[in-house]
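Novice: Quick one: this structure, given as structure tokens, is what I'll be asking you about.
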Amino acid sequence: MIVTIDGVAASGKSSVSGGVAQALGIPYVSSGLLYRAATLLGLEGGLDLQDAPRLLDHLRAHPVRLEPLAAGNRVWLGEQEITDRLHSTRIDRGVSVVAAHPAVRAWVDEQLRALPEPFVAEGRDMGTNVFPHAPHKFYLTASARIRAERRSQERPENIPEIEAALLRRDELDRGQIAPAPDARVLDTGPMTLDQVIQTILADIRG
Ligand SMILES: Nc1ncnc2c1ncn2[C@@H]1O[C@H](COP(=O)(O)OP(=O)(O)OP(=O)(O)O)[C@@H](O)[C@H]1O
Ligand SMILES: Nc1ccn([C@H]2C[C@H](O)[C@@H](COP(=O)(O)O)O2)c(=O)n1
């Protein structure tokens, strides 16, 4: 069984997926981490992030592995764990450019489709493109201001700066952020994290 949870940036995908996965006793898969890892490798390799062929060569020469766990995902570059380096303003600024390359998307999708079921998959196009046959699909939204207020607990920037960056990323990611026609859309703005998780679990359990 695959559950897909897509949505806009900072809508709560990782936190909600982790809670749903833990309740179901299965792992969750954060597809965004693979795009973030590709961005980190590109930046640290001194590459032009617009140069998809060179970026792809670099990714093939430096194998990245996603370890999906219910308690949180880990990303490995060979034997070295890089998870803690993937959530920074620098990566946020570059990741949409990297994620727009069809070849990078194919690199990510291949890794995701090779994972053993069951799992909860979160990202932008899990329900539309990567796992269109998933039986349970959800799509999270919230206003940019609410998302910025939530994220301000985790980042040093002020709320208007975070809000502007989120709106910029939504715009750059717009090619990937449509909900699947059969997804249940949840506006998490007026909901607590636990309410979102319980709503999804109730829907899955029918
Ligand atoms: N319904 C909610 N109520 C309150 N806080 C929430 C809710 N959903 C998420 N949060 C908080 O919002 C922040 C962003 O959530 P999270 O990192 O899960 O979003 P995301 O969609 O995975 O982000 P990104 O797109 O950047 O990977 C976290 O601090 C999380 O605890
Ligand atoms: N399925 C996905 C997942 C992620 N992306 C891109 C778009 C995001 O800006 C970036 C980081 O994802 P996040 O950690 O914010 O979920 O990766 C995508 O295009 N498709």
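The values are calculated or read from the model by the stated rules, or taken from the named source; none is laboratory data. Treat the numbers as computed from the prediction; the structure is a model and nothing was measured. Here the Cβ positions follow ideal geometry from the backbone for every residue, glycine too, while neighbour counts run over all protein chains shown.
Novice: Give the range 7-30 a look and list any residue that's more than 10 Å from ligand 1 (Cβ to nearest atom) and in contact (Cβ under 8 Å) with a residue 60 or more places away in the chain, or say none.
Specialist: Just the residues of the range 7-30 that are more than 10 Å from ligand 1 (Cβ to nearest atom), to begin with: 20-29.
Answer for the range 7-30, where residues must be more than 10 Å from ligand 1 (Cβ to nearest atom) and in contact (Cβ under 8 Å) with a residue 60 or more places away in the chain: V20, A21, A23, L24, I26, P27, Y28, V29.
Novice: I'd like to verify a number: residues in the range 186-206 that are free of Cβ contacts under 8 Å to residues at least 12 places away in the same chain and within 16 Å of ligand 2 (Cβ to nearest atom), how many?
Specialist: The number of residues fulfilling the criteria is 0.
Novice: Please give the helices (runs of 4 or more DSSP H) falling wholly within the range 138-206 in which 3 or more residues are within 14 Å of ligand 1 (Cβ to nearest atom) and at pLDDT 95 or above.
Specialist: Answer list for the range 138-206: 144-151, 193-205.
Novice: Return the total of residues in the range 46-71 being part of a loop (DSSP other than H, G, I, E, B), modelled with pLDDT of 95 or more and farther than 23 Å from R169 by Cα.
Specialist: 0
Novice: Where residues in the range 142-161 are within 15 Å of L193 (Cβ to Cβ) and not hydrophobic (A, V, I, L, M, F, W, C), which of them is surrounded by the most Cβ atoms within 10 Å (Cβ to Cβ)?
Specialist: Taking the range 142-161 as the starting set, the residues that turn out to be within 15 Å of L193 (Cβ to Cβ) are 142, 146-147, 149-151, 153-154.
Keeping just the survivors that are not hydrophobic (A, V, I, L, M, F, W, C) gives 147, 149-151, 153-154.
Values: R147: 25, E149: 15, R150: 19, R151: 18, Q153: 6, E154: 9.
Here the residue is R147.
Novice: Can you pull out the residues in the range 170-206 that are of a type in the set (K, R) and either more than 18 Å from M126 (Cα to Cα) or out of contact with any Ser or Thr (no Cβ under 9 Å at 6 or more places or on another chain) (or both)? Spell out the reasoning first.
Specialist: Our first condition is that a residue be of a type in the set (K, R); within the range 170-206, this holds for 174, 184, 205.
The answer is R174, R205.
Novice: Of all residues in the range 1-20, which are crowded, with 22+ Cβ neighbours inside 10 Å, part of a helix (DSSP H, G or I) and either within 13 Å of ligand 2 (Cβ to nearest atom) or at pLDDT below 95 (or both)?
Specialist: K13, V16, S17, G18
Novice: Tell me which of these R184 doesn't satisfy, since it passes every other one: (1) farther than 12 Å from G7 by Cα; (2) surrounded by fewer than 17 Cβ atoms within 10 Å (Cβ to Cβ).
Specialist: Every condition holds for R184 apart from (1).
Novice: Look at the range 155-185 and say how many of its residues are under 17 Å from A9 (Cα atoms) and within 16 Å of ligand 2 (Cβ to nearest atom).
Specialist: 21
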